[in-house]
Amino acid sequence: MNENKVIPEHIAIIMDGNGRWAKQRGLPRTAGHKAGVEAIREVIENCSQRGIKYLTLYAFSTENWKRPQKEVSALMELLVFYLKREIESLHRNNVKIVTIGDMTKLPEKAQNEIKSATSKTCKNTGLNVAIAINYGGRQELVHAIKKISLEYEGRTEEIDESTVSSHLYTCGMPDPDLIIRPSGELRISNFLLWQMAYSEFWFSNVLWPDFNKDHLNEAIASYGERNRRYGGLDLKDRKVKK
Ligand code: FPP
């Protein structure tokens, strides 16, 4: 028997392949990022329609600062542009925007736009969209460990898994059921390291700017076929103790 929830409650996406998409067309990498922004709209719309509760989008990692300054600035500008352009429609569609990561290192303009988007949508009850910006799984764990050690002052016996979960940026969100990575790369790139303990994965060669609702539906359908056992056994294989 398949014990899986047919529809994932939480989908997380590593939006990869923008640079290669642009290169294939002889365009600058930033054109790939611009095209990547357009793919976000379709995914948000379709996640809302399909009744997904949480969508996490990996937009900028703690390692992405290593890219040329021009590309970093373009990504920050795009974030501001995206939030400015989409916020009214997201709000109308009852989408709640949050961010995960360390926002303090972002340009002031980006921080202000994020504050405005998150406060405007904070009471919305539809799809929860978490944008991961200046996010790294290891950095998130270091941040949590620092907070826990200050708070618990050595009372280690009181610390359990739920303590760690509740000190992560994703506090209050369920762990991702399904992680999607397009672009043909088969790695996790420092994304949701703690939260992915029992996530299902869907990889595809499609480049992020070309990702559309058909790919999303394919990923969700594939998830629906999975048999999640969380380290336990299939119901049919469990022996009842006499
Ligand atoms: C990875 O592709 C993509 C990124 C590092 C940035 C993702 C950002 C966006 C889609 C747009 C900005 C986001 C928002 C929320 C407005 P890559 O550049 O590593 O591609 P490559 O591997 O083909 O070079």
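The values are calculated or read from the model by the stated rules, or taken from the named source; none is laboratory data. Every value quoted in this text rests on a predicted model; they were computed, and no experiment measured them. Note that we place each Cβ from the backbone using ideal geometry, even for glycine, and neighbour counts take in every protein chain shown. Note: areas computed on protein heavy atoms with side chains; ligands, DNA, RNA excluded. Shrake-Rupley method; radii C 1.70, N 1.55, O 1.52, S 1.80 Å.
For this structure, a couple of remarks:
- For the range 63-165: rounded, prolate or oblate by the Cα gyration tensor [a/c cutoff 1.5]: oblate
- Probe 1.4 Å, all protein chains present, accessible-area order of Thr104, Thr99, largest first: Thr104, Thr99
- Sorting Tyr230, Tyr54 by accessible area puts them as Tyr230, Tyr54; the probe is 1.4 Å, largest comes first, and only protein heavy atoms count.
- In order along the range 13-24, phi translates into HN-Hα couplings of 10, 8, 7, 10, x, 4, x, 5, 4, 5, 4, 4 Hz, rounded to whole numbers, per the Karplus curve 6.51 cos²θ - 1.76 cosθ + 1.60 with θ = phi - 60° and x for Gly and Pro.
- Amide proton proximity set for Ala130, modelled H, under 5 Å, gap of 5+: Leu55, Thr56, Leu57, Val98
- Computed with a 1.4 Å probe on the full set of protein chains, the accessible area for Ile159 sits at about 60 Å².
- Value at 222 nm in deg cm²/dmol, rounded to 500, when DSSP H runs of n ≥ 4 in the chain each add -39,500 (n - 2.57): -13000 deg cm²/dmol
- For the options Asp214, Asp16, Asp160, a Gaussian network treatment of the chain with springs between C-alpha atoms closer than 10 Å singles out Asp160 as fluctuating the most.
- Of Leu78, Val129, Val142, farthest towards positive along the dipole that unit charges on Lys, Arg, Asp, Glu beta carbons give the chain: Leu78
- Across Lys53/Lys115; Lys23/Lys109; Lys53/Lys123; Lys70/Lys105; Lys66/Lys96, pairs whose alpha-carbon gap is larger than 24 Å: Lys23/Lys109; Lys66/Lys96
- Global geometry of the chain, whether rounded, prolate or oblate, following the gyration tensor of its Cα atoms and the 1.5 cut on a/c: oblate
- Derived scalar couplings ³J(HN,Hα) [the range 41-51; Karplus, 6.51 cos²θ - 1.76 cosθ + 1.60; whole Hz; x for Gly, Pro]: 4, 4, 5, 4, 4, 6, 5, 4, 4, 7, x
- For Leu193, the residues whose amide H sits under 5 Å from its own are Gly137, ignoring neighbours fewer than 5 places away on the same chain, with H placed 1.01 Å from N.
- On the range 123-242, 53 percent of the accessible area sits on carbon and sulfur atoms, based on a 1.4 Å probe.
- Estimated at the nearest 10 Å², the accessible area of Phe203 is 80 Å² with a 1.4 Å probe.
- For the range 180-194, putting each phi into the Karplus relation 6.51 cos²θ - 1.76 cosθ + 1.60 with θ = phi - 60° gives couplings of 10, 10, x, 5, x, 7, 10, 8, 9, 6, 6, 9, 6, 4, 6 Hz, in residue order, rounded to whole numbers and with x for Gly and Pro.
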